[in-house]
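Notes follow the structure.
The values are calculated or read from the model by the stated rules, or taken from the named source; none is laboratory data. Being a predicted model, the structure only gives us computed values, none of them experimental. Cβ sites come from the backbone with ideal geometry, for glycine too, and all protein chains shown count toward neighbours.
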Amino acid sequence: MDIQKMLEQAQRMQEELRRTLKEMRVEASAGGGMVKVVMSGDKQIVSLTIEPEASEDIEMLQDLIIAAVNECGRKVDEAIQQQALKNLNLPGLGGLA
């Protein structure tokens, strides 16, 4: 396979990965589920759910939101890494993954 074809294939795979990430949904929670975050693979928050009892302590609520968002971001990073490794099996490179 020539270099041009490999580059074209890599571009197609990159575009497919972008689409996959945009459609991906990852969920994380904090405080035993008092705060739940759903994030897309491109790290956009899709939804945030807060149980009513969590609003009684604003400082705790802020900490729970931060924890849930950070955990969700970490999970997205893991999912991206796994997806990228799956796509790394480029012909001609002997399957580096």
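Which of the strands (runs of 3 or more DSSP E) contained wholly in the range 17-62 include at least 1 residues that are basic (Lys, Arg)?
So the answer is 25-30, 35-40.
Tell me, yes or no, whether the range 43-64 has at least one residue that is of a type in the set (A, V, I, L, M), within 21 Å of Gln81 (Cβ to Cβ) and in contact with a Leu (Cβ under 7 Å, 6 or more places away or on another chain).
No; the residues of the range 43-64 include none that is of a type in the set (A, V, I, L, M), within 21 Å of Gln81 (Cβ to Cβ) and in contact with a Leu (Cβ under 7 Å, 6 or more places away or on another chain).
Output the qualifying pairs, or none if there are none: Cβ atoms under 7 angstrom, residues six or more apart or on different chains, first residue in the range 74-97 and within 28 Å of Ala30 (Cα to Cα) and small (Gly, Ala, Ser), second residue at pLDDT 70 or above and assigned to a loop (DSSP other than H, G, I, E, B).
Pairs that qualify, where the first residue is within 28 Å of Ala30 (Cα to Cα) and small (Gly, Ala, Ser) and the partner is at pLDDT 70 or above and assigned to a loop (DSSP other than H, G, I, E, B), are Ala79/Met24; Ala79/Gly41.
Restricting the search to the range 2-53, which residues are among the acidic types (Asp, Glu), closer than 25 Å to Asn70 by Cα and loosely packed, with under 12 Cβ neighbours inside 10 Å? Walk me through how you get there before you give the answer.
In the first step, residues of the range 2-53 are kept if they are among the acidic types (Asp, Glu); the result is 2, 8, 15-16, 23, 27, 42, 51, 53.
From the residues that got through so far, the ones that are closer than 25 Å to Asn70 by Cα too are 23, 27, 42, 51, 53.
Glu23, Glu53 - these are the residues of the range 2-53 that are among the acidic types (Asp, Glu), closer than 25 Å to Asn70 by Cα and loosely packed, with under 12 Cβ neighbours inside 10 Å.
Can you work out which of the residues in the range 54-76 that are modelled with pLDDT of 95 or more and among the acidic types (Asp, Glu) is surrounded by the most Cβ atoms within 10 Å (Cβ to Cβ)?
Glu71
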